[in-house]
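The values are calculated or read from the model by the stated rules, or taken from the named source; none is laboratory data. Computed from a prediction, not measured in an experiment: that's the story for all the values here. Heads up, the Cβs are rebuilt from the backbone with ideal geometry, glycines too, and the neighbour counts pull from every protein chain shown.
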Amino acid sequence: MPRQTEVIPLLSPSPGSQRELIVHRYGEKGKGKKVYIQAALHADEWPGLMAAHHLIPLLDEADAAGDIQGEIIVVPYANPIGMAQRINGKVAGRYSFDGSGNFNRNWADLVSGAAPLLKGNLTGNVEEDVEKVRAAFREVVSHQSCRTEVDELRMILMNLSCDADFVLDLHCDGEAELHVYANQQHEDEAYALCQDLDSPVLLIETEAGGGPFDEANSSPWWRLKEVLPEASHLPPVCCAVTVEFRGLNDISDELGRKDAQGLISFLRRMDIIAGKPAPQRNEVQVSFLHATDVLHAPIGGLVSYQVELGEQVKKGDLIAVVIDIAAQNPMEGRHEVHSRANGRYFAQMSERLVRPGESIAKVAGQEILAHRAEGNLLEA
Ligand SMILES: [Zn+2]
């Protein structure tokens, strides 16, 4: 079946203005595994837009060759609201101007609504029950409150993703190597994704916290079991991951093409597209999120990074100097920031003037770090 492209209008936020989403669909609903891919939910993170731009023609090719074996949904830009938020000439697309917060936090909890619908209705047959749970999730999403344009955007995206086998949420960091966040329940698939994408780092969480989009899609499958014992036979069906396509300005046709090829390789590996996968990397460094050191600025000031992205660092190594430019003696205004982990230095800020307490650098370590609290890892 050829690609179906749908334009979905969002609730008009003010007289005379309206935004819309575009959704590309391949394959047949309910046939084979379903993958959902969206770019730039954080609307100021654009490398995923470039990956999607190059992915769509590759999917069209696969479609023309009759190679699509599952269902593929691509939302080439997931947040037209955020992309339109400009202040002082810059897109400010991480937090909604309507006061509803970070676009990638506090996604709806599917479990509290789905559990009563499923109670007494499961058969014990995994295949049948997986479909019942998916139907319950869709039902819950369709009844979400939709008072605002942002509510509606959230409902539409979740409605497209909540019954998928794979959810790939494409983001980026400030300045970074490619890295992927996944839950430990899906470490194997996420490792393979990293190999396909040429991602040197895989960050594994037991519980990310904060209700990001990936977790809102994957965690209901195991959280349901906690409240509904009769669901205990269900596997963790939805592998939802956040792909950080490097840094904010790592945008080029070349990278977009490479990333799109990587995504195609993963879809082949998962039998969603016919053909042989072509991994771009053998070894991936896997780190628990609570073994990943996030370094904060001790003072406000100018940052001078002392290591290159991709370097292996040791506990105690100097990572950055934050300079208090108001210090009367400039040499006394230099504050050192040291790694507390042994591991790979993979992300830093794109700005060089920072506020006190801001997270400025990340090291993917191997040992669990006592100062890293589980469940609030994205913010800490
Ligand atoms: Zn993001």
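Below are the figures for this structure:
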quantity: Within region 299-374, strands (runs of 3 or more DSSP E) holding 1 or more residues that are closer than 20 Å to GLU45 by Cβ; calculated: 343-348, 359-365
quantity: Enumeration of residues in region 131-167 that are over 19 Å from GLY211 (Cβ atoms) and of a type in the set (Phe, Trp, Tyr); calculated: PHE166
quantity: Region 281-311, residues that are surrounded by fewer than 20 Cβ atoms within 10 Å (Cβ to Cβ) and on the phi > 0 side of the Ramachandran plot; calculated: GLY310
quantity: Subset of region 11-53 (residues that are part of a loop (DSSP other than H, G, I, E, B), touching a Pro at 6+ places or on another chain (Cβ under 7 Å) and touching a residue at least 24 places away in the same chain (Cβ under 8 Å)); calculated: ARG19
quantity: Residue that is of a type in the set (A, V, I, L, M) and either at pLDDT below 95 or surrounded by fewer than 14 Cβ atoms within 10 Å (Cβ to Cβ) (or both), where the choices are ALA347, ALA341, ALA364, ALA373; calculated: ALA373
quantity: Residue match in region 250-257 (condition: assigned by TED's automatic domain parsing to the domain that holds CYS194, within 16 Å of the ligand (Cβ to nearest atom), not aliphatic (A, V, I, L, M) and not in a loop (DSSP other than H, G, I, E, B)); calculated: no
quantity: All positions within region 77-89 that are away from the ligand (no atom under 16 Å from the Cβ) and without any contact (Cβ under 8 Å) to a residue 60 or more places away in the chain; calculated: ARG86, ILE87, ASN88, GLY89
quantity: Residues satisfying the stated conditions in region 221-249, i.e. within 16 Å of the ligand (Cβ to nearest atom) and basic (Lys, Arg); calculated: ARG246
quantity: Cross-chain or 6+ apart pairs with Cβ under 7 Å, region 171-188 first and farther than 16 Å from PRO236 by Cα and assigned to a loop (DSSP other than H, G, I, E, B), then of a type outside the set (Phe, Trp, Tyr) and within 11 Å of the ligand (Cβ to nearest atom); calculated: GLY174/LEU248; LEU178/GLU244
quantity: Qualifying residues in region 150-165 (those that are under 23 Å from GLY262 (Cα atoms) and not in a helix (DSSP H, G or I)) - the one nearest to the ligand (Cβ to nearest atom); calculated: ALA164
quantity: Selected residue (criterion: surrounded by the most Cβ atoms within 10 Å (Cβ to Cβ)) from residues of region 166-208 that are within 16 Å of the ligand (Cβ to nearest atom), of a type in the set (D, E, K, R) and over 12 Å from THR242 (Cβ atoms); calculated: GLU177
quantity: Number of the exception - PRO220 against (1) in contact with a strand residue (DSSP E or B) (Cβ under 8 Å, 6 or more places away or on another chain); (2) buried (at least 17 other Cβ atoms within 10 Å of the Cβ); (3) of a type outside the set (A, V, I, L, M, F, W, C); (4) within 30 Å of LEU118 (Cβ to Cβ); calculated: (1)
